[in-house]
1. Among 85, 73, which comes first, second and so on when ranked by fewest other beta-carbon atoms within 10 Å?
2. Of 154, 11, 18, 137, how do they rank once you tally other Cβ atoms within 10 Å and put the fewest first?
3. Label points 7 Å out from Cα along the Cβ direction at residue 34 and residue 20: separation in nm?
4. Can you put 37, 158, 117 in order, fewest other beta carbons within 10 Å first?
5. Shape of segment 2-155 from its Cα gyration tensor (a ≥ b ≥ c, root eigenvalues): rounded if a/c is under 1.5, otherwise prolate when a/b > b/c, or oblate?
6. Quick one: net charge of residue 114's neighbours, Cβ under 9 Å, K/R +1, D/E -1?
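Quick note: the coordinates plus some simple rules give every number you see, no bench work behind them. For clarity, every value in this text was computed on a predicted model and none was experimentally measured. Positions of Cβ are backbone-derived with ideal geometry, glycine not excepted, and every protein chain shown enters the neighbour counts.
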Amino acid sequence: MSQKPCSTQILHASEAALRQVDFKSGQTYQGEGFFSLQHFPRILSEIWSGSVEEVTKESPEQAGIDWQVVTWLDDTAAGHTDYRLRVKIRTALHLECQRCLEGFLQKIDISAQFVLLESHQEVEDFPIDNFDEDALLQSDAFDLMELIEDEVLLALPLVPKHPQGECALLKSSTGALVEVDDKSKIAPIESEKGHKNPFLGLKKLKLDS
């Protein structure tokens, strides 16, 4: 495949401009910018509930998404012209650890490539074992904001957790607090009266065996 030269339009870094991009115009696009998380309601619903105001106040550069978009035309050996898009996304989101229920920072760095096809059937027939790119439906009003949000959501961990060794506390099935060391062994914490939960001790023996 060889890239076909054509005029390139610079995408204006605004939500309105990215909501309706004409990918059927015959020209290519490129652009980059930054959007605050307020532009992505589905992402806001996934992050740690106490993080938006806190992160915006303390680290404004972490409370949003950096993005880059470039498109080009490829002349194929079969005589067709494929329209391709690459998007790069970088962000850092505060998620809720499912072990300790506290917030932690999850860095996300995405580079994804797509081929834009003309019909729904072509998109459905696109090979699922093509790991280099995915297929999207070409449109004269393509929503790049939605694509950026989709890619970030797909990159989120299914079960958010602190990195190994960074989760300090965990609640056991009995509700008692336990410490988690670097080897993920569970050690019971003494209560205010100085007594240990015997069931936590049995759990530790089971993990040690």
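1. Ordered from fewest to most neighbouring Cβ atoms within 10 Å, 85, 73 come out as 73, 85.
2. In order of increasing Cβ crowding within 10 Å: 154, 137, 11, 18.
3. 2.9 nm
4. Working: 37 21, 158 5, 117 18.
Exposure proxy ranking, most exposed first: 158, 117, 37.
5. On the way: a/c = 2.67, a/b = 1.87, b/c = 1.43.
Prolate shape, in that a/c is at least 1.5 and a/b is the bigger ratio.
6. 0
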